[in-house]
Amino acid sequence: MSNLKTFWLGLGVVLCGAIATVAVAQQAPPPITMKMLKPDVWAGLGGSGGNSTIIIGKTGVIVVDAKQTEAGAKDLLAEIAKITPKPVTTAIITHSDGDHLNGLVAFPAGVKIIAHENNKKEQQAAISSGARGAPPADRLPNQVTTKTKETMTIDGVKLELYHFAPAHTSGDLVVYLPDQKIVSTGDLVVTNRADDNPNIHFEKNGSTEGWLKNVKEMIGLNADTYVTGHGDLVTKADLQRKLNATTERRNKIAAMVKEGKTLEEIKAALPDAPAPGAAPRGAAAPGGAAAAAPQGGANRGAGAPAAGAAAGRGGPAPTPNLTFVETAYQEITKGAKK
Ligand SMILES: [Zn+2]
């Protein structure tokens, strides 16, 4: 009897330990990979949320994108402290998704926060709607850009900030360091999705046509390293490959619209390719997402309220409400009716 009791007690301790280990593993953000691109420019890849670019100025540090969570941003700040004793004085935010800016809560109070004016508007809209995963209200951009190109020198660092067109969101900002030939792309470019399936937030007035323009323009910059929004660094050749693949897919959508095909027919003919390294189609989604899908697990439809929930949990980048094909279809059919 007492042996059995000891067995169950022991098993309980082991199980509790295992559960506690799992809980800690879920809370701690994945580690950040720091890569030196130039003596004064680093990429902080991964961790919680999107990638960051770190630029060391004369007296302080400029950070492009701020991770998703307070813990994730603290990790980033700790990594920065290993490479320079200078304080972070400026944050530049590439777009309004929480996985690139909610970590600003861990940044020093009074930090300068630069973003496109539409990014700020989208953040304000998210805050006033009280959406889960809304950005920190006391870390809104305090300097906005409004033009296609804004050139500035911050702390001795030359920067060119571009808003070529709405693409991933209505407030995308591309950060270019002309002296170092480095571009921070935000989620305009990621390596965790198929080349012909860029992530366009239709609900934030993103645009597939605008995406093509942005990538063409980024290829036109005198740069040799592109820090993506998620995944690895890429080169100009990678951008060209993504541009070609996405142009081809969008042209096919336009041709099918012209032939009078329905959206369902086009979606069936041009399905999203799986993300690189992803589980094959039809594999069960973690967290019971398949069971929660409306109408027998049909593809995400218009207005599906899934994006906010995903953004609040420190998971991968928020899923757009519409797929690439759905968004392109909306744009092309709207244009045709003019
Ligand atoms: Zn994003």
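The values are calculated or read from the model by the stated rules, or taken from the named source; none is laboratory data. From a predicted model like this one, the values you see are computed outputs, not experimental measurements. Cβ: placed from backbone, ideal geometry, glycine included. Neighbour counts: every protein chain shown.
Being more than 15 Å from the ligand (Cβ to nearest atom), hydroxyl-bearing (Ser, Thr, Tyr) and more than 14 Å from THR94 (Cα to Cα) is the filter here; which residues of the stretch 162-201 pass it?
Across the stretch 162-201, there are no qualifying residues.
Among strands (runs of 3 or more DSSP E) lying entirely in the stretch 154-242, which contain 2 or more residues that are over 23 Å from GLN143 (Cα atoms)? Let's see the steps before the verdict.
Values: elements: 157-162, 174-177, 182-186, 225-228.
Passing ranges, in order: 225-228.
For the stretch 227-243, how many residues are surrounded by 21 or more Cβ atoms within 10 Å (Cβ to Cβ) and under 14 Å from the mean Cα position of the chain (by Cα)?
Matching residues across the stretch 227-243 total 4.
Criterion first (buried (at least 21 other Cβ atoms within 10 Å of the Cβ), within 16 Å of the ligand (Cβ to nearest atom) and hydrophobic (A, V, I, L, M, F, W, C)) does ILE92 satisfy it?
On the way: buried (at least 21 other Cβ atoms within 10 Å of the Cβ): yes; within 16 Å of the ligand (Cβ to nearest atom): yes; hydrophobic (A, V, I, L, M, F, W, C): yes.
Criteria met by ILE92.
Go over the candidates LYS82, LYS35, LYS74 one by one and state the one that is under 30 Å from VAL174 (Cα atoms), outside any helix (DSSP H, G or I) and at pLDDT 50 or above. It would help to see each step written out before you state the result.
Numbers: LYS82 fails: outside any helix (DSSP H, G or I); LYS74 fails: outside any helix (DSSP H, G or I).
Testing whether each residue is under 30 Å from VAL174 (Cα atoms), outside any helix (DSSP H, G or I) and at pLDDT 50 or above leaves just LYS35.
Pairs please, first residue from the stretch 108-119 and more than 17 Å from SER184 (Cβ to Cβ), second anywhere and surrounded by fewer than 16 Cβ atoms within 10 Å (Cβ to Cβ), Cβ atoms under 6 Å, 6+ apart in sequence or on different chains.
If the second residue must be surrounded by fewer than 16 Cβ atoms within 10 Å (Cβ to Cβ), the pairs left are GLU117/THR146.
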